[in-house]
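The values are calculated or read from the model by the stated rules, or taken from the named source; none is laboratory data. Note that the structure is a prediction, hence the values are computed from the model and not measured. Methodologically, a virtual Cβ is constructed for each residue, glycine included, from the backbone with ideal geometry; neighbour enumeration extends over all protein chains shown.
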Amino acid sequence: MSADSLDTLTIDKKRQTVPRRKNAARIRFAVILIGALVVFAAVLVAVRNRAVTIETTSVSLIFPTQSFTLLNSSGYVVAQRKAAVAAKTTGRMEWLGVEEGSRVTAGQIIARLENKDLEAAVRQAEAALQSAKANRDQSRAELADADTSFNRQKGLLKMGIISQADYDAAEARYKRAVAATAAAEGGIANAAAALQGTRVNLDYSLIRAPFDAVVLTKNADVGDIITPLGAAANAKAAVVTIADLASLQVEADVSESNLAQIKQGQPCEITLDAVPGSRFQGVVHTIVPTADRSKASVMVKVRFLERDQRIFPEMSAKVAFLERAAQAKDKVARVVVNPAAVITRDGKKGVYLVVGSTVRFTPVTPGAKIVDLLEVAGVKSGEKVALSPLDTLKDGSKIAFPEKK
C-alpha cells in the first residue's frame, strides 16, 4: 500500500462523538429506572411486611343458663350438721382410731380414754348383783319353808294339837321370810342400778360419733388430757371435728336491694373454684330471716340437688339464681366469641385466628346468640382471634399487639 493510501485512512472524530453520547444517556436512564424499580419493590415489600397492630379477643366457653340468670352471688360451702366431738368425763386418751378424712358412722367408737378403774368398778357391780341374786334365792327358799310350816301350824291349831304360841311363832317366821324376800328383790334392783351406773361411766370413756360424718380436723392425740370444759392447763376439749357431708349447703350473701328476686325453692346453678368446668344444680333452701347491718345483705342457703365427692366444707362458691330450671341442653357448654370478630371473606364467614405473630383466616359456622356473644363452630375455647382492625388484615398478615401502659 502506498503512502498516499495510508493518508486517506483517517478517523472522523465528529461522526463518532454523537453515538457515544447517546449510549451514555441511555445507560444512565436505564440505571435510574432500575434503581427506582428496586426502591419501589423494597418499599412495597416493606409495606406488605409491616406488622399491623391489632386488638384481640378470646374464644370462650359459656353455658346457656347465663342467658336466664337473674342474679349472681358468692359464698362458701358450709356443713349444716357439724360437731366438735369430746368426752363427757375427764381422762387421758389412750387410743384414737380416726384421722382427717376418715368416714364414721353413728355410734362408732372413734377414741378411748384410760378406763381400767371404770372396768374394775363394772366388774365389782356385776359381782354385787350376783350376790344380791343369791340372797334373793335364799330368801325365796326360806319363804317357801316358812309358808309350808305356817300352813301346817294353821291346820294343827284348828284341831287343837298345838298352842296359840306355836301358831304365832310360825306366822311371825312366815312374815319375816316375806319381808326378807322383798328386801332381796330390792337389793337386786339396787345392784342392777349400780351396775348400770358403772357401765354408763365406762361408756363415757369411749368417745363415739354422734352421726354419720367425715372427720375434718383432729384436735387431740394419744396421751392428751381430755376434759369436757377444757379449763385445765394443756387439756383438750374436743378430740375431732366432724361434719355430715350430706348436709352441705352454700351460704351466699344477697344484697337487700336484690332480695326481691329470690324466693324459696328457686332453681340455682353452683360453681366452685376448686372444681373448674363443673356446674352443680341447686335450689334455694331457705332465706335467713335477718339482715347483716354492716353489709346490708341477707344470707341465702342453697342446697345441692346431687351429692358430689369433690365438694368439701369451706370451699368458695358462686351461685347463679335462675329464672327457670335448667334443662339438659342448658347444661352443655357452648363455644362463643365476640360477634364483632366474625367477618365475611369470599362469601365465607370466619375469624382471623392469631397464630404466633400472624393471623390465619379460619372459617366458622355461626350459631345462636347467647347473652352478648355468638356461638360458633370451627374454633376452640382459649384461642385468640383478631377483633380490630379487620379491614386491613389478610390471611397470613403479620401482626403486633398494643404496648401495655
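In segment 349-360, what residues are without any contact (Cβ under 8 Å) to a residue 40 or more places away in the chain and surrounded by fewer than 19 Cβ atoms within 10 Å (Cβ to Cβ)?
Passing the criteria: 349, 355, 356, 360.
Quick grid of which residues meet (1) modelled with pLDDT of 90 or more; (2) within 30 Å of residue 271 (Cα to Cα); (3) assigned to a loop (DSSP other than H, G, I, E, B):
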| position | (1), (2), (3) |
| --- | --- |
| 335 | no, yes, no |
| 344 | no, no, no |
| 350 | yes, no, no |
| 359 | no, no, no |
| 369 | no, yes, no |
| 374 | no, yes, no |
| 380 | no, yes, yes |
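Considering each residue of segment 93-139, count those that are closer than 14 Å to residue 203 by Cα and in contact with a Ser or Thr (Cβ under 7 Å, 6 or more places away or on another chain), and give that number.
Adding up the residues that qualify gives 6.
Just for segment 231-261: of the residues that are surrounded by 15 or more Cβ atoms within 10 Å (Cβ to Cβ) and modelled with pLDDT under 90, which one is farthest from residue 298 (Cα to Cα)?
235
Please enumerate the residues belonging to segment 193-211 that are part of a helix (DSSP H, G or I), of a type in the set (A, V, I, L, M) and surrounded by fewer than 16 Cβ atoms within 10 Å (Cβ to Cβ).
193, 200
Which one is surrounded by the most Cβ atoms within 10 Å (Cβ to Cβ) among residues in segment 212-221 that are out of contact with any Ser or Thr (no Cβ under 6 Å at 6 or more places or on another chain) and either polar (S, T, N, Q) or not in a loop (DSSP other than H, G, I, E, B) (or both)?
Filtering first and then ranking leaves 213.
Taking the condition of being modelled with pLDDT under 95, over 10 Å from residue 65 (Cα atoms) and touching a helix residue (DSSP H, G or I) at 6+ places or on another chain (Cβ under 7 Å), how many residues in segment 298-333 meet it?
The number of residues fulfilling the criteria is 1.
With the requirement that a residue be within 19 Å of residue 273 (Cβ to Cβ) and in contact with a Ser or Thr (Cβ under 9 Å, 6 or more places away or on another chain), what does segment 303-312 give you?
308, 310
Could you list, in sequence order, the residues of segment 307-324 that are of a type outside the set (Gly, Ala, Ser) and in contact (Cβ under 8 Å) with a residue 60 or more places away in the chain?
Of everything in segment 307-324, those that are of a type outside the set (Gly, Ala, Ser) and in contact (Cβ under 8 Å) with a residue 60 or more places away in the chain turn out to be 307, 311, 312, 313, 314, 315, 318, 319, 321, 322, 323, 324.
Have a look at 125, 144, 165 and point out the one that is surrounded by 13 or more Cβ atoms within 10 Å (Cβ to Cβ) and not acidic (Asp, Glu).
Checking each option against the conditions leaves just 125.
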